[in-house]
Amino acid sequence: MKHILTLCIALALASSTQAETIKSENHSDATISRIAFGACNNPRRNTNGMYRAILGEKPNVFVFLGDNIYGDTEDMNVLQKKYDELGAIEGFQKLSKQSKVIATWDDHDYGINDGGNTYSMRKESEKIFLDFFGEPENTARRKRPGVHTSYTFGPKGKTCQILVLDTRYFRDLVPRAKYKKGERPKNIVGWYKPVTDTSMTLLGDAQWKWLEQQLQVPADFRIIASSIQMLSFEKGMENWGNVPHEFDRLMGLLKKHKAHRTIGISGDVHFSEISKKTVNGYPFYDFTSSGMTHASAGWSKATNSFRLGKAYAQLNAGIIDLDWTNKSATLRTIDKAGKTVLKHKIPFAELQFK
């Protein structure tokens with residue numbers, strides 16, 4: 001009996017220790033009710049861009065989704081100067097004081113257009129990125145390749161997790177599509193089409209393992225932040241649909257770990273839209289906001305079979321309002337004047353795996 005009791009205690013302690021290790025890398029006890037995000041922010045264009053409108057929303061958290069600067073270069077002195085230009089903008093300074101600012105990168109702040117794991121200065125660029133956004137020394141993020149990380153906010157019952165992915169550091173380069181004369185579909189505005197090579201990766205093995213662990217963190221609402229779109233693949237631009245096996249892997253992990261109440265946010269395309277696709281019985285939303293300083297009406301006209309309502313192709317930022325009392329999330333796109341131009345409410349009860 002004594003040996004059995006000792007074994008039970010040991011197993012309980014081991015189980016407890018294991019449970020304690022599965023947590024977000026950053027945590028705040030403060031409950032958050034408003035998250036804002038944006039992408040495609042060129043400090044040399046429309047200097048204060050969307051900042052006044054974003055500040056007016058008073059978000060608890062702001063997520064920079066990439067192309068936070070336009071620093072396509074292998075010269076790290078040039079890249080640093082571009083970040084210094086962003087840091088000098090009054091709107092950015094005010095936002096950094098008012099809200100918790102977190103970030104990932106996309107190609108133009110990574111250092112090369114449509115770049116991936118072959119970019120020669122990715123290590124150096126990563127250090128400049130982490131330094132600029134104030135990543136403390138000796139964090140897990142500092143000790144590994146890539147800028148992915150995770151945050152949780154709020155107590156049990158009101159816990160929001162934000163998973164910040166890195167879609168650049170590890171990605172294999174998808175070859176550009178080649179069309180014979182007259183074969184290019186009219187809705188295509190980009191240069192890619194889905195690959196069939198399932199060995200190609202977007203996140204890389206190490207980040208996938210990290211992500212699976214993070215999806216086991218208890219959360220009442222979860223946001224996956226991706227620099228590129230997760231659902232809209234028909235326009236031929238960079239997106240998860242170019243490597244469909246990677247998107248299937250993501251949805252498989254969500255189902256495996258019953259990661260209810262999870263949505264995606266994305267940038268990159270210079271307009272805003274809300275997309276929805278039911279996968280494995282789960283209604284997955286991808287809320288895109290892109291164009292803090294410049295937008296593209298032409299790209300917004302490309303086909304997206306998953307789009308809800310219309311696209312908005314002027315300067316914009318995304319807002320997510322969490323109503324913990326009525327258990328719902330409202331997705332809003334705001335324009336430069338702070339007006340809500342797109343809106344969609346999601347009851348938490350909808351975001352359930354069947």
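The values are calculated or read from the model by the stated rules, or taken from the named source; none is laboratory data. A quick note: this is a predicted structure, and the numbers were derived from the prediction, not measured. Note: ideal-geometry Cβ built from the backbone for every residue, glycine included; neighbour counts use all protein chains shown. All accessible areas refer to the heavy atoms of the entire protein, side chains included, with ligands and DNA or RNA removed. Shrake-Rupley method; radii C 1.70, N 1.55, O 1.52, S 1.80 Å.
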Identify, please: which residue in the stretch 63-81 is among the charged types (D, E, K, R) and surrounded by fewer than 19 Cβ atoms within 10 Å (Cβ to Cβ) and is, among those, farthest from His270 (Cα to Cα)? Asp75
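Being over 17 Å from the mean Cα position of the chain (by Cα) and not charged (D, E, K, R): is that true of Tyr285 here?
When the stated conditions are applied, Tyr285 does not pass them.
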Could you check the stretch 82-124 and list, in sequence order, the residues that are open to solvent by 40 Å² or more (accessible area, probe 1.4 Å) and not in a helix (DSSP H, G or I)? Ala88, Lys100, Ile112, Asn113, Asn117, Thr118, Ser120, Met121
Only one residue in Asp72, Asp29, Asp67 is acidic (Asp, Glu), on the phi > 0 side of the Ramachandran plot and modelled with pLDDT of 85 or more, so which one is that? Asp67
Just for the stretch 292-330: of the residues that are outside any strand (DSSP E or B), out of contact with any Gly (no Cβ under 8 Å at 6 or more places or on another chain) and open to solvent by less than 30 Å² (accessible area, probe 1.4 Å), which one is farthest from Gly38 (Cα to Cα)? Asn304
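Here's the yes/no breakdown for (1) open to solvent by less than 10 Å² (accessible area, probe 1.4 Å); (2) outside any loop (DSSP other than H, G, I, E, B):
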site: Gly182; (1), (2): no, no
site: Gly190; (1), (2): yes, no
site: Lys193; (1), (2): no, no
site: Trp210; (1), (2): no, yes
site: Glu234; (1), (2): no, no
site: Gly241; (1), (2): no, yes
Lys327 fails exactly one of the following numbered conditions: (1) within 26 Å of Gly49 (Cα to Cα); (2) out of contact with any Ser or Thr (no Cβ under 7 Å at 6 or more places or on another chain). What is the number of that condition? (1)
If we ask which residues in the stretch 125-140 are surrounded by fewer than 17 Cβ atoms within 10 Å (Cβ to Cβ) and either on the phi > 0 side of the Ramachandran plot or in a helix (DSSP H, G or I) (or both), their number turns out to be 5
Cβ contacts < 9 Å: first residue within 20 Å of Gly91 (Cβ to Cβ), restricted to the stretch 101-112; second residue open to solvent by 10 Å² or more (accessible area, probe 1.4 Å) and hydrophobic (A, V, I, L, M, F, W, C), any location; separation 6+ or different chain. Result? Val101/Phe92; Val101/Phe133; Ile102/Phe133; Ala103/Phe132; Ala103/Phe133
Give the stretch 240-287 a look and list any residue that's of a type in the set (S, T, N, Q) and either within 23 Å of Val195 (Cα to Cα) or in contact with a Cys (Cβ under 9 Å, 6 or more places away or on another chain) (or both), or say none. Asn242, Ser266, Ser275, Thr278, Asn280
Being buried (at least 20 other Cβ atoms within 10 Å of the Cβ) and either under 30 Å from Ser199 (Cβ atoms) or under 19 Å from the mean Cα position of the chain (by Cα) (or both) is true for just one of Arg168, Arg144, Arg176. Which residue is that? Arg168
Only one of (1) buried (at least 17 other Cβ atoms within 10 Å of the Cβ); (2) assigned to a loop (DSSP other than H, G, I, E, B); (3) of a type outside the set (Ser, Thr, Tyr) fails for Ile265. Which number is that? (2)
Taking the stretch 50-62 on its own, how many of its residues are open to solvent by 10 Å² or more (accessible area, probe 1.4 Å) and part of a loop (DSSP other than H, G, I, E, B)? 2
Under 9 Å between Cβ atoms, which residue pairs at least 6 apart in sequence (or on different chains) link something in the stretch 161-179 that is closer than 18 Å to Gly264 by Cβ and part of a strand (DSSP E or B) with a partner that is modelled with pLDDT of 95 or more and among the charged types (D, E, K, R)? Gln161/Asp220; Gln161/Arg222; Ile162/Arg222; Leu163/Arg222
Please determine, by comparing only the residues of the stretch 331-354 that are aliphatic (A, V, I, L, M) and open to solvent by less than 50 Å² (accessible area, probe 1.4 Å), which one is farthest from the chain's Cα centre (by Cα). Val341
